[in-house]
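J.: Can you keep this structure in mind? I'll have questions shortly.
Each reported figure results from applying straightforward, stated rules to the coordinates on display, with no laboratory input. Predicted model only: the values in this text are computed from it and were never measured. FYI the Cβ positions are ideal-geometry reconstructions off the backbone, even for glycines, and counts take in every protein chain you see.
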Amino acid sequence: MMRAVIAGPDESGLGSALETEGVETTRVDGIASRPALEDAGIHDADLFVLTDVRQATAIAVGKDVNPGLRVVVYDENTIPEFARGQADLIVDPNLLGADAVAEELAG
C-alpha cells in the first residue's frame, strides 16, 4: 500500500482524494519540522505532499530522512527557488483538481 504524509492545510481535498485512491495518509499538524514529519511516518512514506509553500524547508528535511521520497507541492503560490529542484511535481490546485492529481499519483 502506498503511504503519503501531508503537510499544510488541505482545502482542496487532496488528502481525501488520495485516500479514495487507496493511499494511506498521515497529516502533520502545525509546522512540518523534522520531529513532526518523523511522527507522521516520513521514514516509510512513498509521497510527501506539501500544500503550503511557506513550509518549503520541510522538503529538504523529508528527503534527508527518506531519500527515495517523492515530493508533491500542491499550492497556488510559487515555491521558493531553493526548494523547486527538490520537488518531483508542482501543481497549482486552480489548474488541476485534487481527484486528477490523486489518480495520477496513485496510479
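J.: Any idea which of VAL61, VAL71 is of a type outside the set (Phe, Trp, Tyr), in a strand (DSSP E or B), on the phi < 0 side of the Ramachandran plot and without any contact (Cβ under 8 Å) to a residue 60 or more places away in the chain?
T.: After applying the criteria, what remains is VAL71.
J.: Closer than 15 Å to ILE6 by Cβ, under 12 Å from the mean Cα position of the chain (by Cα), of a type outside the set (D, E, K, R) and in a loop (DSSP other than H, G, I, E, B): is that true of ALA102 in this structure?
T.: Answer is no for this residue.
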